[in-house]
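Working notes, structure below.
The values are calculated or read from the model by the stated rules, or taken from the named source; none is laboratory data. In this text, all values refer to a predicted model and were calculated from it rather than measured experimentally. Note: ideal-geometry Cβ built from the backbone for every residue, glycine included; neighbour counts use all protein chains shown. The area values use the complete protein model at the heavy-atom level, side chains included, leaving out ligands, DNA and RNA. Shrake-Rupley method; radii C 1.70, N 1.55, O 1.52, S 1.80 Å.
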Amino acid sequence: MSGLPLRVLVLEDEPADAELELAALAEGGFDCVPTLADGREAFEVAVAPGGVDLVLADYRLPDYTGLEALEHVRRRDALVPFMLVSGALGEEKAVEALRSGATDYVLKHGLARLASSVRRALEERRDHERHLATRKALELSQERLRALSRRLLEVQEDERGRLARDLHDDIGQALTALKIQLESRARMEECIATVSHTLERVRPSSSRRAPRSS
């Protein structure tokens, strides 16, 4: 056990029976902090999610039943151990109670097994809570993995886009330079052709005007 006091809500209209149940838990090693309710109103006021660690309920009270109390509790807390404690509980009613969500049942003339039943119920709750925590952690890890995968795809798409833009820029720059080079070469060839044509025209004129030597 954790060593923390066990918060017990007892639905019982016979104070002596409630005392016997708490004494049985104390003998079993539990340090109980009890809340006693003798009917519907007091019980439903005392029920709060996370406010109790254990519910002990008589099967039948003047204005309430253990099954009604069980239904009320389960609408608010699916995990808190709920033990029916009855003077006489037939097999059919016991099965009905268990199917409705009761953790276990103990007969009032067999309170010697109450502590062991409660201990087992508390251990089962802790195991269930650990299972839920593990499953939640796994679901969270899976969601993080999915988020990372989506982010990786986004980065890859961004990188491909950046590479495509860089490649486009590089090709554009190379083609522009090549165009300039080709245009410069074409102009150079035009200039050479013009100079050659001019020289061809100048040479005959120069030859005619040159003075003869004496």
Practice prompt. Quick one: which residue in ALA112, ALA18, ALA102 is more than 23 Å from GLU124 (Cα to Cα), aliphatic (A, V, I, L, M) and modelled with pLDDT of 90 or more?
Written response: ALA18
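Any residue at all in the range 44-60 that's assigned to a helix (DSSP H, G or I), touching a residue at least 24 places away in the same chain (Cβ under 8 Å) and either farther than 24 Å from HIS128 by Cα or hydrophobic (A, V, I, L, M, F, W, C) (or both)?
Step one: filter the range 44-60 for residues assigned to a helix (DSSP H, G or I), giving 44-46.
Checking the rest, the ones that are also touching a residue at least 24 places away in the same chain (Cβ under 8 Å) come to 44, 46.
Imposing the further condition that a residue be either farther than 24 Å from HIS128 by Cα or hydrophobic (A, V, I, L, M, F, W, C) (or both) reduces the set to 44, 46.
Yes, the range 44-60 has at least one match.
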Practice prompt. Answer yes or no as to whether ALA78 is at pLDDT below 90, within 21 Å of ALA46 (Cα to Cα) and either assigned to a loop (DSSP other than H, G, I, E, B) or open to solvent by less than 50 Å² (accessible area, probe 1.4 Å) (or both).
Written response: yes
Worksheet item: In the set LEU9, LEU89, LEU25, which member is within 20 Å of GLU129 (Cβ to Cβ) and either among the aliphatic types (A, V, I, L, M) or not in a loop (DSSP other than H, G, I, E, B) (or both)?
Response: LEU9
Worksheet item: Inside the range 94-118, can you point out the residues that are open to solvent by less than 30 Å² (accessible area, probe 1.4 Å), free of Cβ contacts under 8 Å to residues at least 60 places away in the same chain and in a helix (DSSP H, G or I)?
Response: ALA94, ALA97, GLY110, SER117
Item to complete: Could you please find all residues in the range 48-75 being in contact with a Cys (Cβ under 9 Å, 6 or more places away or on another chain) and surrounded by fewer than 16 Cβ atoms within 10 Å (Cβ to Cβ)?
Response: none
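Could you check the range 1-31 and list, in sequence order, the residues that are open to solvent by 30 Å² or more (accessible area, probe 1.4 Å) and under 39 Å from the mean Cα position of the chain (by Cα)? Outline the logic, then answer.
To start, the set of residues in the range 1-31 that are open to solvent by 30 Å² or more (accessible area, probe 1.4 Å) comprises 1-5, 7, 13-17, 19-20, 22-23, 26-27, 29, 31.
Across the range 1-31, the qualifying residues are MET1, SER2, GLY3, LEU4, PRO5, ARG7, GLY29, ASP31.
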